[in-house]
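Notes to accompany the following structure.
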């Protein structure tokens, strides 16, 4: 009888080891904190609360204007695409309807202005500022503001809009 109990016990232990596998140990790999990139949109002009707004994911111009409290009564949006998606630092100036005057600003010298200075000019996009600097490095200094017409992405209408902010 004793032998039967010992044999049964040994068989039970062997079967439990064989039928119930070991539990796997879960290892967690620490990769550090995820970096979150942010960008700043500086909106001014005919909005209720002009200023700098920081965002962490892409946003449309329409939503940026909503964050700034909306538009004033005489805002001119004719030159804006409200569904424009913004994903990096940007300066936006909303002009007044029928107002051809520009706000008083210090004029920038296009022959010495940096990229960061150029993108602060209303109507000057990042692409235009980059192309202006590339053209300036290739061809040399500008002799006249009208020479900006030769820069990629700057047409006649854009030139007229940015002229009040620039000098030689």
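Can you tell me which residue among 64, 41 is in a helix (DSSP H, G or I) and either crowded, with 16+ Cβ neighbours inside 10 Å or without any contact (Cβ under 8 Å) to a residue 24 or more places away in the chain (or both)? Break it down into steps so the answer makes sense when it comes.
Details: 41 fails: in a helix (DSSP H, G or I).
Step by step, each of 64, 41 is checked, and only 64 is in a helix (DSSP H, G or I) and either crowded, with 16+ Cβ neighbours inside 10 Å or without any contact (Cβ under 8 Å) to a residue 24 or more places away in the chain (or both).
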| query | Would you call residue 166 free of Cβ contacts under 8 Å to residues at least 40 places away in the same chain and closer than 24 Å to residue 80 by Cα? | reply | no
| field | Whichever residue in the range 114-132 is touching a helix residue (DSSP H, G or I) at 6+ places or on another chain (Cβ under 6 Å) and not in a loop (DSSP other than H, G, I, E, B) and, among such residues, is surrounded by the fewest Cβ atoms within 10 Å (Cβ to Cβ) | value | 115
| task | Output the residue which, of all residues in the range 146-162 that are without any contact (Cβ under 8 Å) to a residue 12 or more places away in the chain and assigned to a helix (DSSP H, G or I), is nearest to residue 85 (Cα to Cα). | result | 157
| request: Looking only at the range 133-145, count how many residues are part of a helix (DSSP H, G or I) and loosely packed, with under 11 Cβ neighbours inside 10 Å. | output: 2
| Within the group 81, 99, 111, which residue is modelled with pLDDT of 85 or more and either in a loop (DSSP other than H, G, I, E, B) or in contact with a strand residue (DSSP E or B) (Cβ under 6 Å, 6 or more places away or on another chain) (or both)? | 111
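The values are calculated or read from the model by the stated rules, or taken from the named source; none is laboratory data. All values reported here derive from a predicted model rather than from experimental measurement. Here the Cβ is made from the backbone with ideal geometry for all residues, glycine too, and neighbour counts use every protein chain on show.
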